[in-house]
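Visitor: Before I ask anything, let me first share the structure, which is written out below as structure tokens.
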Amino acid sequence: MRRLYLRIYFAVVASLAVFALVAAIAWHSFGEPWLSDETLTTVARNLLPPATAPAAEQQAALERLARDLRIDLALFAPDGTRIARVGRPIEAPQRTGRQHRMRGPPVWAAQLEDGRWLAARAPHRGGPGFGFVVLALILIAIAVGAYPAVRRL
């Protein structure tokens, strides 16, 4: 028969692992994004030059904005041609709001009052799978820390 403290220990570790996994899925699925089409529209209205401004001026404004926010940005004409871009390439958006991609972070797009499109993508921090690595490290730390406490039971 196995020792009772081992059964308690594995029950504690397994329940923490399930909790961490469910919390990670919920956070990823339902977390409130800081980036939205309303945010992009407001930022563009206040910081971007008008559509009649030269392309160099629009590019400079986009570079300042991207540097401050640390995101990829692209500005498109109403017909979908790119006016300015900072960071990795972003395709011309077809609709406003969040646009999921097969790989990588989603792109947020907003159509401005003058017909231009502003698209933004916040780059992944830490590379793919970084969140799961952090969760695994937390699980290992809890498992190592819980063992002595459960062993004394």
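A short reminder: the numbers here are calculations on the coordinates, not readings from a lab. Only a predicted model underlies this, so the values are computations on that prediction, with no experimental measurement involved. In this analysis, Cβ positions are derived from the backbone assuming ideal geometry, glycine residues included, and neighbour counts consider all displayed protein chains.
Visitor: Each label point is 7 Å from the Cα along the Cα-to-Cβ direction; what then is the distance between the points at ALA141 and ALA77, in nm?
Guide: It works out to 5.3 nm between the two label points.
Visitor: What value in Å³ per residue do you get for the convex hull of the alpha-carbon atoms in segment 37-114?
Guide: 91
Visitor: What full-extension length gain, to one decimal in nm, is calculated for LEU4 and ALA26 as 0.36 nm per residue of separation minus the Cα-Cα distance?
Guide: Value of the extension gain: 4.6 nm.
Visitor: Order of 106-119, 9-22 by packing, highest average Cβ count within 10 Å first?
Guide: 106-119, 9-22
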